[in-house]
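Below: one structure, written as structure tokens.
The values are calculated or read from the model by the stated rules, or taken from the named source; none is laboratory data. Since we're looking at a predicted model, the values are computed, not measured. Methodologically, a virtual Cβ is constructed for each residue, glycine included, from the backbone with ideal geometry; neighbour enumeration extends over all protein chains shown. What goes into the accessible areas is simple: the full protein's heavy atoms, side chains included, and nothing from ligands, DNA or RNA. Shrake-Rupley method; radii C 1.70, N 1.55, O 1.52, S 1.80 Å.
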Amino acid sequence: MNPLRTSRAVVAAAATVVLSVTSAGFANAAAGGAPRDHGDGDKITVGIKFDQPGIGLKTPDGTYTGFDVDVATYVAKQLGHKPSDIEWKEAKSADRETLLQRGDVDFIAASYSINDKRLEKVDFAGPYLLAHQDVLIRADDDSIKKPSDLNNKKLCSVTGSTSAQNVKDKIAPNAQLQEYGGYSECLTGLENGVIDAVTTDDSILAGYASQPEFKGKFKLGGFKMSNENYGIGVQKGSDLKAKINTALQKMVADGSWDAAVKKNFGPAGYHNEPAPKIGVIVQ
């Protein structure tokens, strides 16, 4: 047998094996089915909001603040990671399931409400906060005392949000909907009297109202127009779910949860619900 021909045959066979394995790896990655490797040194990647004061905010100096940030930092510590081990990644609402399925993050804490549609794609630890749809109004406005008082009022939410439409469809059909690009614009309109009320989750509203520039200017209606069970999203089938649930239980038990609520929402007079029980979804 020609030695050169034999050598070429061996090389060709080896290349076929490599290509086969590589192709399978790409296929698995594309399908998002491969579990994320949590053993990559001491680092952990966490998805949060970057633009929600009081919840998850990336500040101009590059630091991160908010209730979700405090919860995620506590959880990461219980998983064996120092704050400096955390790589924060922006988790926009529309991207959260994709980030988890692709393994781009270890977990997500980003005002992430648990619902059946999302549970088809990801798993949730928690819930760790029960929020409600509410309205934010000016502190000196006594004309809006119940949800139906929003009739004939200028009600603001962000473009693409369902919050304001829910109010108009189910509670105050004569509300005048105003859609702005962001909640900061809604609050500016509220402050200037162009807007009468802003609506979204009470935790998000409280976060904005707690900012120093708005202190004392706004108040929450306290209407509880929906239940939003915030959970920590993990990849489907991840063993992190049980570990994070244990961490959340400890955070409540040692008082850290209450301290984080007071720190991030207290200035707005946010009357939060007690810490929810793990696995109990309030409908």
### Summary
Checked against (1) in a loop (DSSP other than H, G, I, E, B); (2) open to solvent by less than 20 Å² (accessible area, probe 1.4 Å), Ile137 satisfies every condition except (1)
### Task
Please enumerate the residues belonging to the range 184-201 that are open to solvent by 30 Å² or more (accessible area, probe 1.4 Å) and within 26 Å of Ala94 (Cβ to Cβ).
Ser184, Glu185, Thr188
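Only one of Lys224, Lys217 is closer than 14 Å to Ala131 by Cβ, surrounded by fewer than 17 Cβ atoms within 10 Å (Cβ to Cβ) and not polar (S, T, N, Q); which?
Lys224
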### Message
Being open to solvent by 10 Å² or more (accessible area, probe 1.4 Å), assigned to a loop (DSSP other than H, G, I, E, B), of a type outside the set (D, E, K, R) and farther than 30 Å from Ala175 by Cα is the requirement here; does Ser238 meet it?
### Response
yes
### Query
Given the conditions (1) touching a Phe, Trp or Tyr at 6+ places or on another chain (Cβ under 7 Å); (2) among the aliphatic types (A, V, I, L, M); (3) part of a loop (DSSP other than H, G, I, E, B), which single one is not true for Met225?
(1)
### Summary
Scanning the range 165-183 for residues that are buried (at least 16 other Cβ atoms within 10 Å of the Cβ) and farther than 25 Å from Lys215 by Cα gives Val167, Lys168, Ile171, Ala172, Ala175, Gln176
### Query
From the set of residues in the range 82-95 that are basic (Lys, Arg) and at pLDDT 95 or above, which is farthest from Phe50 (Cα to Cα)?
Lys82
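Quick one: which of Thr73, Thr98, Thr59, Thr162 is among the hydroxyl-bearing types (Ser, Thr, Tyr), open to solvent by 10 Å² or more (accessible area, probe 1.4 Å) and in contact with a helix residue (DSSP H, G or I) (Cβ under 8 Å, 6 or more places away or on another chain)? First the steps, then the outcome.
On the way: Thr98 fails: in contact with a helix residue (DSSP H, G or I) (Cβ under 8 Å, 6 or more places away or on another chain); Thr59 fails: in contact with a helix residue (DSSP H, G or I) (Cβ under 8 Å, 6 or more places away or on another chain); Thr162 fails: in contact with a helix residue (DSSP H, G or I) (Cβ under 8 Å, 6 or more places away or on another chain).
Matching residue, one of Thr73, Thr98, Thr59, Thr162: Thr73.
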### Task
Taking Leu190 as the residue in question, decide whether it is over 26 Å from Ile281 (Cα atoms), in contact (Cβ under 8 Å) with a residue 12 or more places away in the chain and aliphatic (A, V, I, L, M).
yes
